[in-house]
């Protein structure tokens, strides 16, 4: 099961941008669908990484695994945003995570998200 790793598109709808303002810089965002609604699970290591330093690639992989693990386990967390009015155009895809192997693949450059993941991808 592949889940997209995304970032907010620069031209995302203003309501989506406002909702995502609470997400810390350097976070990795995992996008899932829950009850036909896009949901972002995110991780940024705010308790272990100084906010003055961007995360390393190894840290970003760890953040992706943490966020995807919470998403697939339906773990209750404050590091989650329900975005009922979001569309794929609001996001750029940075890569994906395979939730069977926890292997993270990063794209060379973020690309427009083509579609939301199917609900069965969780």
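Laboratory data are not the source of any read-out in this text; all were calculated from the coordinates shown. Keep in mind that this is a model prediction, so the values were computed, not measured. In this analysis, Cβ positions are derived from the backbone assuming ideal geometry, glycine residues included, and neighbour counts consider all displayed protein chains.
Taking neighbour Cβ counts within 10 Å as the exposure measure, how do 87, 105 sort from fewest upward? The partial results should precede the final answer.
Values: 87 15, 105 12.
Result, fewest neighbours first: 105, 87.
In plain terms, the bigger the Kirkwood radius, the slower the diffusion; for the chain, with that radius from Cα pairs, at 10 °C and 1.306 mPa s, Stokes-Einstein puts D at 111 µm²/s. Sorting 101, 72 from the fewest to the most surrounding beta carbons within 10 angstrom yields 101, 72.
To the nearest whole percent, what portion of all C-alpha pairs in the stretch 1-58 is separated by more than 19 angstrom?
Details: 597 of 1653 pairs.
For the stretch 1-58, the fraction of Cα-Cα distances above 19 Å is 36 percent.
For the residues 108, 54, 25, a GNM of the chain with alpha-carbon springs under 10 Å puts the largest fluctuation on 108.
Between 86, 64, 18, the Gaussian network model of the chain with springs among Cα atoms under 10 angstrom shows the greatest mean-square fluctuation at 18. Helical content alone sets the calculated 222 nm signal of the chain at -6000 deg cm²/dmol, taking -39,500 (n - 2.57) per DSSP H segment of four or more residues and averaging over every residue. Cβ crowding within 10 Å, taken as a proxy for footprinting-reagent exposure, orders 111, 59, 94 from fewest neighbours to most as 111, 59, 94.
Look at where the Cα atoms of the stretch 81-103 and of the stretch 35-57 average out, and the two centres are 13 Å apart.
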